[in-house]
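Here's the structure, in structure tokens; my notes come after.
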Amino acid sequence: MALTREQALAQFQRAKLRKRECIDKLEKTMKAAYEKQTGKTANYFFAL
């Protein structure tokens, strides 16, 4: 079954949103772990 352009774009947007949600969750947990270990607040976060 071939995807239409609209279906492909909708699927891409859902994946992009899910990735953003996962990155936000990861950032939150990693910053909390960093602060717990070092006592300092993380200034930035980088993920691909």
*Between the DSSP loop rule and a limit of at most 12 other Cβ atoms within 10 Å, which trypsin sites (Lys or Arg not before Pro) in the chain are left?*
Lys40
*Convert each backbone phi in segment 32-37 into a coupling constant with the Karplus relation 6.51 cos²θ - 1.76 cosθ + 1.60 (shift: θ = phi - 60°), then list the ³J(HN,Hα) values in order as whole Hz, x for Gly and Pro.*
5, 5, 4, 5, 5, 6
_Explain nothing, just compute: Karplus ³J(HN,Hα) = 6.51 cos²θ - 1.76 cosθ + 1.60, θ = phi - 60°, for every residue of segment 9-16 in order, whole Hz, x for Gly and Pro._
5, 5, 5, 4, 5, 5, 5, 5
*Using a 1.4 angstrom probe, figure out how much accessible area the chain has per residue, in square angstrom, rounded to the nearest whole.*
101
*asked:* Counting only protein heavy atoms and a 1.4 Å probe, tell me what percentage of the chain's accessible area is made up of carbon and sulfur.
replied: 58
*Glu21 to Tyr44: extension gain in nm, 0.36 nm per residue of separation minus the Cα-Cα distance?*
6.6 nm
*Note down the accessible area of Leu17, probe 1.4 Å, to the nearest 10 Å².*
100
*asked:* With n ≥ 4 as the cut-off for DSSP H runs, can you work out [θ] at 222 nm for the chain, using -39500 (n - 2.57) per run divided by the number of residues, rounded to the nearest 500?
replied: -26000 deg cm²/dmol
*Using the Cα atoms of the chain to build a convex hull, what is its mean projected area in square nanometres?*
4.3
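The values are calculated or read from the model by the stated rules, or taken from the named source; none is laboratory data. Small disclaimer: the values here were computed from a predicted structure and weren't measured. Neighbour counts are summed over all protein chains in view; Cβ atoms, including those assigned to glycine, are modelled from backbone coordinates with ideal geometry. We work out accessible area using only protein heavy atoms, side chains counted, and drop any ligands, DNA or RNA first. Shrake-Rupley method; radii C 1.70, N 1.55, O 1.52, S 1.80 Å.
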